[in-house]
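As structure tokens, the structure follows; a few thoughts come after it.
Laboratory data are not the source of any read-out in this text; all were calculated from the coordinates shown. Note that the structure is a prediction, hence the values are computed from the model and not measured. Backbone-built Cβ (ideal geometry, glycine too); neighbour counts: all protein chains shown.
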Amino acid sequence: MMKDWMVLCLSDDIPIMAVKTSLIVGTILVLINHCDALLEGNYPPVWKVLCTYIVPYCVSTFGAVSQKQFTQQNTSPGGDYFPIASKGDEQWN
């Protein structure tokens, strides 16, 4: 299970998209959280800045892998996608 998850983490373009997301979201968060210190010429601790970039990377990766697992579990061997029914579907009426 964990090995499968790690393989999915490194598959396709998941790492590239996670890095892009991390750079954009992390930069915005650094500016929001540390703008006052940066404008005064003070720099926040490096570990705080690193965490600000690592968290969006992890969230993006987790979301992409979860979606990929969900799609794999709900796809037939022939490639047909079987979506989960929701309350708005005819099946619920």
Residue separation times 0.36 nm, minus the C-alpha to C-alpha distance between residue 54 and residue 16: what's the value? 12.3 nm
Mind listing the phi-derived Karplus ³J(HN,Hα) values for region 37-45, rounded to whole Hz, using 6.51, -1.76 and 1.60 with θ = phi - 60°, and x for any glycine or proline? 5, 5, 5, 7, x, 9, 10, x, x
Between residue 69 and residue 28, how many nm apart are label points set 7 Å from Cα along the C-beta direction? 2.6
